[in-house]
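*Asks:* Below you will find the structure I want to go over with you.
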Amino acid sequence: MHIRILTSCTKKKAVSCLNPITAKDFERGGKHLEERESELRDYQLPAGEMYTGLQHRYLMNGVRAVRKGKPEFDIDVAIISAGYGIVTEDDIIAPYERGFNGKPKTEIRELSDRLDIPKESRRFLAQPADLILILLGGKYLHAVDFDETVVFGGDTLLFCSQSAVKSLPDWEEVKKVPVTQETARRFSEALVRLKGILAKRLLLKIAQDSTAAGSLMQPQTDVVNALDTDGLQTKLEL
């Protein structure tokens with residue numbers, strides 16, 4: 001089974017330093033950015049390991065667990081970074097400080113376009129897959145600028161806010177799954193980590209039964225309910 005996952009970066013990083021790459025460094029780009037990255041070579045990590053925010057940690061724990069138990073599964077993870085654009089989990093990056101939070105929508109769109117985030121996210125999602133998972137909050141959904149023209153390479157579960165469920169197009173291949181404060185109370189978890197928890201549960205469920213992906217895509221299936229009542233622990237350890 002081939003699974004593709006599009007998720008977001010986090011402010012928390014696995015390593016810290018006194019002089020991380022800044023927004024000004026990214027803006028100068030080119031040789032200057034290369035020099036800054038060279039200065040931070042000892043602090044660099046693959047993107048999949050660099051981010052340590054709760055959503056990302058839960059997601060990657062699920063990815064690693066499935067890879068260990070089901071090596072025949074092929075899982076590709078792409079991360080939207082406000083510094084580097086779209087990166088894969090294996091791309092080596094340096095510690096940096098630049099995010100979308102606190103920025104107005106116009107600034108997010110301008111930055112996103114400069115980083116080719118809409119174009120590269122579409123390229124990633126259009127590639128064939130048995131299942132695609134999208135785990136994005138409002139700022140990142142604004143950055144990717146999804147519209148009716150987005151092509152999905154397979155059945156897609158999009159975990160997002162209730163407002164995004166209503167505002168995003170109704171694509172034929174996409175099932176939108178609202179993640180709300182009510183969902184957080186149901187799982188007794190903080191909303192900030194909930195998409196990662198649901199993704200981990202989903203991956204473990206599919207690893208146990210690969211036919212579960214098709215069942216979750218059925219219109220009558222309540223995805224959140226299926227991930228809450230399938231025998232998996234309500235609390236998943238990090």
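*Asks:* Based on what the data block shows, is residue 8 in contact with a helix residue (DSSP H, G or I) (Cβ under 6 Å, 6 or more places away or on another chain), of a type in the set (Gly, Ala, Ser) and on the phi < 0 side of the Ramachandran plot?
*Replies:* Against the criterion (in contact with a helix residue (DSSP H, G or I) (Cβ under 6 Å, 6 or more places away or on another chain), of a type in the set (Gly, Ala, Ser) and on the phi < 0 side of the Ramachandran plot), residue 8 qualifies.
*Asks:* Test of understanding: among 36, 4, which residue is within 21 Å of residue 120 (Cα to Cα), of a type in the set (D, E, K, R) and buried (at least 18 other Cβ atoms within 10 Å of the Cβ)? Steps first, answer last, please.
*Replies:* Details: 36 fails: within 21 Å of residue 120 (Cα to Cα).
Criteria check complete, one pass: 4.
*Asks:* On to the next question. Can you run down the residue pairs with Cβ atoms below 9 Å, 6 or more apart or on separate chains, where the first is in segment 106-133 and under 21 Å from residue 199 (Cα atoms) and outside any helix (DSSP H, G or I) and the partner is among the hydroxyl-bearing types (Ser, Thr, Tyr) and modelled with pLDDT of 95 or more?
*Replies:* Final answer for the pair search is 129/156; 131/156; 132/156; 133/7; 133/156.
*Asks:* If residue 189 meets every condition in (1) of a type in the set (D, E, K, R); (2) assigned to a loop (DSSP other than H, G, I, E, B); (3) modelled with pLDDT of 95 or more apart from one, which number is that one?
*Replies:* The one condition residue 189 does not meet is (3).
*Asks:* Take residue 28 and tell me if it is surrounded by fewer than 21 Cβ atoms within 10 Å (Cβ to Cβ) and either over 22 Å from residue 189 (Cβ atoms) or touching a residue at least 40 places away in the same chain (Cβ under 8 Å) (or both). Steps first, answer last, please.
*Replies:* On the way: surrounded by fewer than 21 Cβ atoms within 10 Å (Cβ to Cβ): yes; either over 22 Å from residue 189 (Cβ atoms) or touching a residue at least 40 places away in the same chain (Cβ under 8 Å) (or both): yes.
So residue 28 fits the description; yes.
*Asks:* Pick out the one residue from 143, 184 that is crowded, with 18+ Cβ neighbours inside 10 Å, on the phi < 0 side of the Ramachandran plot, hydrophobic (A, V, I, L, M, F, W, C) and not in a strand (DSSP E or B).
*Replies:* Numbers: 184 fails: crowded, with 18+ Cβ neighbours inside 10 Å.
Matching residue, one of 143, 184: 143.
*Asks:* Follow-up question, since we're still on this one. Given the conditions (1) in contact with a helix residue (DSSP H, G or I) (Cβ under 6 Å, 6 or more places away or on another chain); (2) among the β-branched types (Val, Ile, Thr); (3) buried (at least 22 other Cβ atoms within 10 Å of the Cβ), report the number of the one that residue 134 does not fulfil.
*Replies:* (1)
*Asks:* In segment 82-127, what residues are crowded, with 17+ Cβ neighbours inside 10 Å and hydroxyl-bearing (Ser, Thr, Tyr)?
*Replies:* 84, 96, 112, 121
The values are calculated or read from the model by the stated rules, or taken from the named source; none is laboratory data. Note that this is a predicted model, so its numbers are computed, not measured. Quick reminder, even Gly has a Cβ in these numbers, built from the backbone with ideal geometry, and neighbours come from all protein chains shown.
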